[in-house]
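S.K.: Take a look at the following structure, please.
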Amino acid sequence: MTNRYISDIIRNQELLMLPPDASVRRACRRMCERHFGAVLVADRAHRLLGIFTGRDAVRLLGDQHNPDSARLDSVMTPAPVTIAPDAHAIDALRLMSDGGFRHLPVVADGKVVGLVARSDFEGLELDRFEEEKSLWERIC
(Lines give C-alpha, C1' and ligand atoms only; values in the text may rest on other atoms or scores of the structure.)
Protein backbone atom coordinates (compact mmCIF):
# COMPACT_ATOMS: atom_id res chain seq x y z
CA MET A 1 0.00 0.00 0.00
CA THR A 2 1.37 3.41 -0.90
CA ASN A 3 -0.40 5.61 1.61
CA ARG A 4 -1.31 3.84 4.81
CA TYR A 5 -3.21 5.45 7.63
CA ILE A 6 -1.09 6.41 10.64
CA SER A 7 -3.32 4.14 12.75
CA ASP A 8 -2.09 1.17 10.67
CA ILE A 9 1.53 2.12 11.29
CA ILE A 10 1.16 2.44 15.07
CA ARG A 11 -1.08 -0.61 15.53
CA ASN A 12 0.25 -2.79 18.39
CA GLN A 13 2.94 -0.23 19.19
CA GLU A 14 4.33 -0.13 22.72
CA LEU A 15 4.95 3.48 23.65
CA LEU A 16 7.97 4.79 25.47
CA MET A 17 6.59 7.52 27.71
CA LEU A 18 8.15 9.10 30.76
CA PRO A 19 7.00 11.82 33.16
CA PRO A 20 8.47 15.31 32.87
CA ASP A 21 10.49 14.92 36.09
CA ALA A 22 12.37 11.83 34.81
CA SER A 23 16.12 12.26 34.42
CA VAL A 24 17.83 12.44 31.06
CA ARG A 25 19.91 9.41 32.03
CA ARG A 26 16.75 7.37 32.64
CA ALA A 27 15.36 8.46 29.27
CA CYS A 28 18.58 7.58 27.46
CA ARG A 29 18.75 4.16 29.13
CA ARG A 30 15.17 3.39 28.12
CA MET A 31 15.82 4.57 24.57
CA CYS A 32 18.85 2.26 24.36
CA GLU A 33 16.99 -0.71 25.86
CA ARG A 34 14.08 -0.34 23.44
CA HIS A 35 16.13 0.82 20.42
CA PHE A 36 14.02 3.97 20.17
CA GLY A 37 15.17 7.37 18.97
CA ALA A 38 12.75 9.34 21.12
CA VAL A 39 10.81 9.41 24.38
CA LEU A 40 7.36 10.94 24.66
CA VAL A 41 7.06 13.13 27.73
CA ALA A 42 3.52 12.97 29.08
CA ASP A 43 1.51 13.49 32.23
CA ARG A 44 -0.35 10.71 34.07
CA ALA A 45 -3.39 11.17 31.82
CA HIS A 46 -1.17 10.56 28.75
CA ARG A 47 -1.44 14.17 27.59
CA LEU A 48 1.64 15.02 25.55
CA LEU A 49 3.93 17.62 27.14
CA GLY A 50 6.96 17.23 24.90
CA ILE A 51 9.37 14.94 23.13
CA PHE A 52 12.98 14.09 23.96
CA THR A 53 15.14 12.75 21.14
CA GLY A 54 18.67 11.56 20.60
CA ARG A 55 19.44 14.99 19.17
CA ASP A 56 18.34 16.56 22.47
CA ALA A 57 20.64 14.18 24.38
CA VAL A 58 23.62 15.13 22.21
CA ARG A 59 22.87 18.83 22.70
CA LEU A 60 22.63 18.36 26.47
CA LEU A 61 25.93 16.49 26.70
CA GLY A 62 27.60 18.97 24.36
CA ASP A 63 26.61 21.74 26.75
CA GLN A 64 28.19 19.67 29.55
CA HIS A 65 25.02 19.20 31.57
CA ASN A 66 24.73 16.33 34.01
CA PRO A 67 22.31 13.69 32.65
CA ASP A 68 21.58 12.49 36.20
CA SER A 69 20.29 15.86 37.40
CA ALA A 70 18.82 17.23 34.16
CA ARG A 71 15.08 16.62 33.99
CA LEU A 72 13.25 15.93 30.75
CA ASP A 73 11.02 18.98 31.15
CA SER A 74 14.11 21.21 31.06
CA VAL A 75 15.56 19.77 27.83
CA MET A 76 12.63 18.34 25.85
CA THR A 77 11.01 19.99 22.87
CA PRO A 78 7.77 21.28 24.41
CA ALA A 79 4.43 21.10 22.57
CA PRO A 80 5.77 19.27 19.52
CA VAL A 81 3.94 19.05 16.22
CA THR A 82 1.57 16.07 16.25
CA ILE A 83 -0.54 14.08 13.82
CA ALA A 84 -3.88 12.31 14.17
CA PRO A 85 -4.20 8.54 13.69
CA ASP A 86 -6.62 9.03 10.78
CA ALA A 87 -4.05 10.99 8.76
CA HIS A 88 -2.09 9.36 5.95
CA ALA A 89 1.59 8.44 5.78
CA ILE A 90 2.25 11.16 3.19
CA ASP A 91 0.89 13.76 5.64
CA ALA A 92 3.37 12.62 8.29
CA LEU A 93 6.24 12.70 5.80
CA ARG A 94 5.30 16.26 4.80
CA LEU A 95 5.17 17.43 8.42
CA MET A 96 8.52 15.83 9.25
CA SER A 97 10.16 17.25 6.14
CA ASP A 98 8.77 20.75 6.68
CA GLY A 99 9.74 20.73 10.38
CA GLY A 100 13.14 19.10 9.97
CA PHE A 101 12.48 16.31 12.46
CA ARG A 102 12.38 12.50 12.33
CA HIS A 103 9.78 11.67 14.98
CA LEU A 104 6.13 12.65 15.08
CA PRO A 105 3.82 11.96 18.04
CA VAL A 106 0.36 10.65 17.26
CA VAL A 107 -2.41 12.19 19.36
CA ALA A 108 -6.12 11.40 19.52
CA ASP A 109 -8.62 13.15 21.78
CA GLY A 110 -5.77 14.96 23.52
CA LYS A 111 -3.90 11.79 24.45
CA VAL A 112 -0.75 10.20 23.07
CA VAL A 113 -1.52 7.02 21.14
CA GLY A 114 1.66 6.50 19.16
CA LEU A 115 4.85 7.76 17.61
CA VAL A 116 5.95 7.51 14.00
CA ALA A 117 9.51 7.83 12.83
CA ARG A 118 10.84 8.37 9.33
CA SER A 119 12.05 4.76 9.39
CA ASP A 120 8.44 3.53 9.76
CA PHE A 121 7.58 4.41 6.19
CA GLU A 122 7.88 1.98 3.32
CA GLY A 123 9.53 2.37 -0.07
CA LEU A 124 6.43 3.27 -2.04
CA GLU A 125 5.38 5.88 0.52
CA LEU A 126 8.84 7.42 0.46
CA ASP A 127 8.95 7.29 -3.34
CA ARG A 128 5.59 9.06 -3.59
CA PHE A 129 6.74 11.73 -1.17
CA GLU A 130 9.99 12.29 -3.07
CA GLU A 131 8.05 12.58 -6.35
CA GLU A 132 5.73 15.13 -4.78
CA LYS A 133 8.64 17.10 -3.35
CA SER A 134 10.43 17.06 -6.70
CA LEU A 135 7.31 18.30 -8.47
CA TRP A 136 6.93 21.22 -6.04
CA GLU A 137 10.59 22.14 -6.51
CA ARG A 138 10.10 22.27 -10.28
CA ILE A 139 6.92 24.34 -9.98
CA CYS A 140 8.43 26.86 -7.61
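The values are calculated or read from the model by the stated rules, or taken from the named source; none is laboratory data. In this text the structure is predicted, and so the values were computed from the model without any measurement. Because the Cβ atoms are built from the backbone with ideal geometry, glycine has one as well, and the counts that use them run over all protein chains shown.
S.K.: What pairs can you find where one residue is in the stretch 93-107 and surrounded by fewer than 18 Cβ atoms within 10 Å (Cβ to Cβ), the other is assigned to a loop (DSSP other than H, G, I, E, B), and their Cβ atoms are less than 7 Å apart, with a gap of 6+ or different chains?
M.R.: Listed by first residue and then by second, the contacts come to L95/V81; G99/V81; R102/G37.
S.K.: I've got another one for you. Could you grab me the full set of residues in the stretch 111-125 that are surrounded by fewer than 15 Cβ atoms within 10 Å (Cβ to Cβ) and at pLDDT below 95?
M.R.: S119, E122, G123, L124
S.K.: Taking the stretch 6-45 as the region of interest, how many residues are surrounded by fewer than 15 Cβ atoms within 10 Å (Cβ to Cβ) and in contact (Cβ under 8 Å) with a residue 60 or more places away in the chain?
M.R.: Result for the stretch 6-45: 2.
S.K.: On the given criteria, is V116 of a type in the set (V, I, T) and closer than 20 Å to R4 by Cα?
M.R.: Yes.
S.K.: Just to be sure I understand, how many residues within the stretch 40-79 are outside any helix (DSSP H, G or I) and either within 16 Å of the chain's Cα centre (by Cα) or on the phi > 0 side of the Ramachandran plot (or both)?
M.R.: Total meeting the criteria: 16.
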